[in-house]
């Protein structure tokens, strides 16, 4: 991770952490880097979510791109996975998504993608950051016919909708489906897809005003969709975040179905059809212990990466794995997408329900979610606390005592001076006991900030 860009873009409070000048400079650099630098006019596609500040950043990025000689193709309000799809299928040099994902409306972010619609490589990101900080000589302004232009590209969003519809193997006729679009980027796209496939679609939180994205709605507040599914006797519900790159589900009984359940359900479905390459599902270290127990029972192997869909995708590309994701609902189906796609994920769950003629509750039942306690400890030095022999001995002791009935994970935060201590076991009381035991050792050794 760099100075400004983390694992999922440059993110922070609009015009406080991430401001208009940053956006212009990012546009200036990318327009030059993909264009004048190599002697051609760059084509760069831009999408945004429904935050008020997204419009400001869209114009700033376009200004920077055009001033450096690039043409900016504007998809308007759309999802992150749609920008990824159009970037790779329409031969764009790179893609830009303006969104802070599940963050509140006053935050925003700029996500950069390469020509394959993947997260941009670290080397290029570092060059962007150097330009922001004035460490690269000023880029020349485009002149005369070299000056770029904007192109309305709403057609790209429509073709993405068509692409999703084309992937369905089944009609959803007769299925009652609830969608919580979080007053975000999926507010028109998701309904269009489910309506076209024949579902009786019920949508909530689909009235964005620039300030209500993710506010008490969507995948971070799924309790509202749970009640909506129960009250309206729906067959299933799907909740997205602000840019719709994640999806959580609600079964017909109103129970939450997490990303871990989704990995199990579709991984098992792939294995049964001989489609699970390497017989492996890619998870992060934060997936629930219950997922691994369930996968073990049906003979499916798994990888554990660092937290972040970036690391999940890197593993999938490196080893040829076909499905991976996070507990939060970032699920990647590498045959169809290079990023997490919430709407695609919901369609894949529908596919299994239709193919097996089973309700979602039955499909998810084998994954018994273990109770979990996670506590953050602010420390003076993350490496010193993590590598302290006494702390490591305490962690080893807990691991041995839990045995096959739980696990402990102690890891450093990627963004804060914090050590995260997490235990999963058969009861909350056991989790609390062991988490507090390790934290007590960290405290006694003088590591607290």
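The values are calculated or read from the model by the stated rules, or taken from the named source; none is laboratory data. Remember, it's a predicted structure, so these values are computed and weren't measured experimentally. All Cβ positions, even for glycine, are placed from backbone atoms using ideal geometry, and neighbour counts span all protein chains on display.
Would you check if there is a residue in region 263-276 being under 21 Å from residue 83 (Cα atoms), touching a helix residue (DSSP H, G or I) at 6+ places or on another chain (Cβ under 9 Å) and in the same structural domain as residue 198 (by TED's automatic domain parsing)?
no
If residue 291 meets every condition in (1) farther than 29 Å from residue 51 by Cβ; (2) in contact (Cβ under 8 Å) with a residue 12 or more places away in the chain; (3) surrounded by fewer than 20 Cβ atoms within 10 Å (Cβ to Cβ) apart from one, which number is that one?
(3)
So which of 319, 311, 269 ends up being within 17 Å of residue 367 (Cα to Cα) and surrounded by fewer than 21 Cβ atoms within 10 Å (Cβ to Cβ)?
Just one listed residue meets the conditions, 269.
Please state which one of 166, 101 is exposed (fewer than 12 other Cβ atoms within 10 Å of the Cβ) and either within 30 Å of residue 252 (Cβ to Cβ) or assigned by TED's automatic domain parsing to the domain that holds residue 199 (or both).
166
I want to confirm something. Restricting to region 217-237 and keeping residues that are more than 21 Å from residue 80 (Cβ to Cβ) and touching a helix residue (DSSP H, G or I) at 6+ places or on another chain (Cβ under 7 Å), which single residue is surrounded by the fewest Cβ atoms within 10 Å (Cβ to Cβ)?
Going through the qualifying residues, I end up with 236.
Being in a strand (DSSP E or B) and free of Cβ contacts under 8 Å to residues at least 60 places away in the same chain is the filter here; which residues of region 240-275 pass it?
Within region 240-275, 256 is the sole residue that qualifies.
Quick test of your reading of the structure: residue 411 fulfils all but one of (1) part of a helix (DSSP H, G or I); (2) touching a strand residue (DSSP E or B) at 6+ places or on another chain (Cβ under 9 Å). Name the failing condition by number.
(1)
Please find, within region 405-435, the residue that is farthest from residue 306 (Cα to Cα) out of those that are surrounded by fewer than 16 Cβ atoms within 10 Å (Cβ to Cβ) and touching a residue at least 60 places away in the same chain (Cβ under 8 Å).
Among those residues, the one meeting the criterion is 415.
I want to confirm something. Restricting to region 373-395 and keeping residues that are touching a strand residue (DSSP E or B) at 6+ places or on another chain (Cβ under 9 Å) and surrounded by fewer than 17 Cβ atoms within 10 Å (Cβ to Cβ), which single residue is farthest from residue 6 (Cα to Cα)?
If we take residues in region 373-395 being touching a strand residue (DSSP E or B) at 6+ places or on another chain (Cβ under 9 Å) and surrounded by fewer than 17 Cβ atoms within 10 Å (Cβ to Cβ), then 392 is farthest from residue 6 (Cα to Cα).
If I ask for residues that are more than 17 Å from residue 256 (Cα to Cα) and surrounded by fewer than 16 Cβ atoms within 10 Å (Cβ to Cβ), which ones from region 342-372 would you list?
Correct list: 354, 355, 356, 357.
Would you check which residues across region 299-338 are touching a residue at least 40 places away in the same chain (Cβ under 8 Å), in a loop (DSSP other than H, G, I, E, B) and in contact with a helix residue (DSSP H, G or I) (Cβ under 7 Å, 6 or more places away or on another chain) and list them?
Matches in region 299-338: 320, 321, 322, 326, 327, 328, 329, 330, 336, 337, 338.
Give region 174-216 a look and list any residue that's in a loop (DSSP other than H, G, I, E, B), surrounded by fewer than 24 Cβ atoms within 10 Å (Cβ to Cβ) and under 22 Å from the mean Cα position of the chain (by Cα), or say none.
Scanning region 174-216 gives 187, 188, 206, 208, 210, 211, 212, 215, 216.
Given (1) touching a helix residue (DSSP H, G or I) at 6+ places or on another chain (Cβ under 9 Å); (2) surrounded by 19 or more Cβ atoms within 10 Å (Cβ to Cβ); (3) farther than 18 Å from residue 24 by Cβ, identify the lone condition not met by residue 142.
Failing condition for residue 142: (3).
Only one of 11, 37, 28 is outside any loop (DSSP other than H, G, I, E, B), over 26 Å from the mean Cα position of the chain (by Cα) and either surrounded by 24 or more Cβ atoms within 10 Å (Cβ to Cβ) or in contact (Cβ under 8 Å) with a residue 24 or more places away in the chain (or both); which?
Just one listed residue meets the conditions, 28.
Do you know which residues across region 114-131 are out of contact with any strand residue (DSSP E or B) (no Cβ under 9 Å at 6 or more places or on another chain) and either over 28 Å from residue 332 (Cα atoms) or touching a residue at least 40 places away in the same chain (Cβ under 8 Å) (or both)?
116, 118, 127, 130, 131
Under 7 Å by Cβ, and 6 or more places apart or on different chains, what pairs join a residue from region 197-218 that is at positive phi and in contact (Cβ under 8 Å) with a residue 24 or more places away in the chain with one that is outside any loop (DSSP other than H, G, I, E, B) and buried (at least 17 other Cβ atoms within 10 Å of the Cβ)?
205/180; 205/218; 214/220; 218/180; 218/239; 218/240
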